[in-house]
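Since the structure comes first, as structure tokens, the remarks are kept for the end.
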Amino acid sequence: MRNIQGDWPKVTFGKARELSVAELHAIADGFAAGAKRAVEAGADGVEVHGANGYLLWQFITPKINLRTDEFGGSPENNVRFAKLIGEKIRAAIGPDKLLILRLSQDGVDDFTGAWPGGTAYAEAVGAALRESAYDALHWASFDYLDNRFPADPTPMPTVLKRASGKPVITNGGIAEGADAEAALTSGAADMVALGRPLFAHPDWPYIVRSGAAYPWLPFDRKYVIQPPLDFGHAYPMGLVDPKWPQP
Ligand SMILES: Cc1cc2nc3c(=O)[nH]c(=O)nc-3n(C[C@H](O)[C@H](O)[C@H](O)COP(=O)(O)O)c2cc1C
């Protein structure tokens with residue numbers, strides 16, 4: 001039963017059970033069928049959600065994955081389900097479509113989740129994904145610099161990029177163009193992705209590309225915009241010329 005508690009809703013569910021290997025294959029087939037539908041509908045590729053508390057995250061996160069078969073118990077085993085899904089999707093969509101895997105330490109209501117061993121675990125996850133069907137990895141966090149492992153403050157996306165040899169999309173805490181530039185030049189990213197700043201400033205890429213000074217509006221980074229919601233702030237049409245040149 002859903003049980004929502006607190007200001008930032010905490011949702012509790014019944015105790016999970018272990019999926020059979022046959023069920024894992026059936027779920028992976030479902031991912032592949034969904035990906036095929038997406039490319040048939042015109043998508044250039046798909047991103048598999050292995051982050052933020054969802055099913056694949058539960059396999060990749062050691063404190064949740066208590067399995068003792070080949071799908072749990074080591075970083076290599078913990079990513080095996082994600083790799084299986086990647087292989088099935090690749091077979092379904094062919095070699096030319098983009099296939100990305102999103103990863104995070106955070107769960108859906110577990111914002112301080114840390115991989116045990118921090119950097120070493122990220123390195124092992126990255127290395128295990130080196131031989132996989134994924135074209136790129138996507139690191140999600142509220143602050144991409146935050147690896148929560150005091151012994152080695154190397155940003156997690158930097159570690160994953162190094163260990164996997166894959167291009168990395170980095171997300172979390174990038175607010176202005178200079179932040180994106182820093183992520184790209186630091187070795188933490190090949191591309192950046194934005195969440196909250198885009199809600200407040202849908203023209204963010206155009207604003208940044210223009211190089212013009214811009215009156216960035218303050219907004220609560222957790223809830224996007226400080227309540228009460230003011231959609232005038234969410235899309236400040238009065239402040240800018242919305243007719244940005246098309247790329
Ligand atoms: C209100 C809110 C809802 C979110 N919902 C999702 C979601 O459904 N799926 C998801 O993958 N990430 C979700 N995220 C996380 C964002 O994708 C992103 O990782 C996070 O906001 C950090 O990026 P940012 O600093 O650019 O906002 C959500 C974030 C916020 C603030």
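The values are calculated or read from the model by the stated rules, or taken from the named source; none is laboratory data. None of the values given here were measured: they were computed from a predicted structure. When we count neighbours, we look across all protein chains shown, and the Cβ atoms used for this are built from the backbone with ideal geometry, even at glycine.
Could you say which residue among Arg90, Arg67, Arg102, Arg37 is away from the ligand (no atom under 14 Å from the Cβ), of a type in the set (Lys, Arg), assigned by TED's automatic domain parsing to the domain that holds His138 and within 20 Å of the chain's Cα centre (by Cα)? Please lay out each step first, then the result.
On the way: Arg67 fails: within 20 Å of the chain's Cα centre (by Cα); Arg102 fails: away from the ligand (no atom under 14 Å from the Cβ); Arg37 fails: within 20 Å of the chain's Cα centre (by Cα).
The unique qualifying residue is Arg90.
Is it the case, given these coordinates, that Glu181 is within 16 Å of the ligand (Cβ to nearest atom), in contact with a helix residue (DSSP H, G or I) (Cβ under 8 Å, 6 or more places away or on another chain) and of a type in the set (D, E, K, R)? Let's see the steps before the verdict.
On the way: within 16 Å of the ligand (Cβ to nearest atom): yes; in contact with a helix residue (DSSP H, G or I) (Cβ under 8 Å, 6 or more places away or on another chain): no; of a type in the set (D, E, K, R): yes.
Considered against the rule, which asks whether it is within 16 Å of the ligand (Cβ to nearest atom), in contact with a helix residue (DSSP H, G or I) (Cβ under 8 Å, 6 or more places away or on another chain) and of a type in the set (D, E, K, R), Glu181 comes out as no.
So in region 119-175, with the set limited to residues that are small (Gly, Ala, Ser) and within 11 Å of the ligand (Cβ to nearest atom), which one is modelled with the highest pLDDT? Give the derivation first.
Initially, region 119-175 is screened for residues small (Gly, Ala, Ser), giving 120, 122, 124, 126-128, 132-133, 136, 140-141, 151, 163-165, 172-173, 175.
Right, trim to within 11 Å of the ligand (Cβ to nearest atom) and you get 140-141, 172-173, 175.
On the way: Ala140: 95, Ser141: 92, Gly172: 92, Gly173: 89, Ala175: 85.
Among those residues, the one meeting the criterion is Ala140.
The conditions are (1) surrounded by fewer than 21 Cβ atoms within 10 Å (Cβ to Cβ); (2) over 23 Å from Ala22 (Cα atoms); (3) touching a strand residue (DSSP E or B) at 6+ places or on another chain (Cβ under 7 Å), and Ser104 fails exactly one of them. Which is it?
(1)
Can you say whether Ala151 is assigned to a loop (DSSP other than H, G, I, E, B) and closer than 15 Å to Ala140 by Cα, as far as the supplied structure shows? So that I can check it myself, show each step before the final result.
Values: assigned to a loop (DSSP other than H, G, I, E, B): yes; closer than 15 Å to Ala140 by Cα: no.
Considered against the rule, which asks whether it is assigned to a loop (DSSP other than H, G, I, E, B) and closer than 15 Å to Ala140 by Cα, Ala151 comes out as no.
Being hydroxyl-bearing (Ser, Thr, Tyr) and without any contact (Cβ under 8 Å) to a residue 12 or more places away in the chain is the filter here; which residues of region 104-130 pass it?
Within region 104-130, the subset hydroxyl-bearing (Ser, Thr, Tyr) is 104, 112, 119, 121.
Within region 104-130, no residue meets the criteria.
Scanning region 184-219 for residues that are within 12 Å of the ligand (Cβ to nearest atom) and farther than 22 Å from Asp146 by Cα, which turns out surrounded by the most Cβ atoms within 10 Å (Cβ to Cβ)? Even if it seems obvious, please write down each step before you answer.
The initial filter retains those residues of region 184-219 that are within 12 Å of the ligand (Cβ to nearest atom), namely 192-201, 204, 219.
Checking the rest, the ones that are also farther than 22 Å from Asp146 by Cα come to 199-201, 204.
Values: Phe199: 14, Ala200: 20, His201: 24, Trp204: 20.
Among those that are within 12 Å of the ligand (Cβ to nearest atom) and farther than 22 Å from Asp146 by Cα, it is His201.
Evaluate the following for Ile64: is it at pLDDT below 95 and either in contact with a Pro (Cβ under 7 Å, 6 or more places away or on another chain) or closer than 25 Å to Ile169 by Cβ (or both)? Let's see the steps before the verdict.
Numbers: at pLDDT below 95: yes; either in contact with a Pro (Cβ under 7 Å, 6 or more places away or on another chain) or closer than 25 Å to Ile169 by Cβ (or both): yes.
Judged against the criteria, Ile64 is a match.
Of the residues Pro75, Pro95, which is touching a Pro at 6+ places or on another chain (Cβ under 9 Å), at pLDDT 95 or above and not aliphatic (A, V, I, L, M)?
Numbers: Pro95 fails: touching a Pro at 6+ places or on another chain (Cβ under 9 Å).
The match here is Pro75.
State all residues of region 193-212 that are part of a loop (DSSP other than H, G, I, E, B) and either free of Cβ contacts under 8 Å to residues at least 12 places away in the same chain or closer than 14 Å to Glu181 by Cα (or both); if no residue qualifies, say none.
Initially, region 193-212 is screened for residues part of a loop (DSSP other than H, G, I, E, B), giving 194-195, 201-203, 211-212.
Residues satisfying the conditions are Leu194, Gly211, Ala212.
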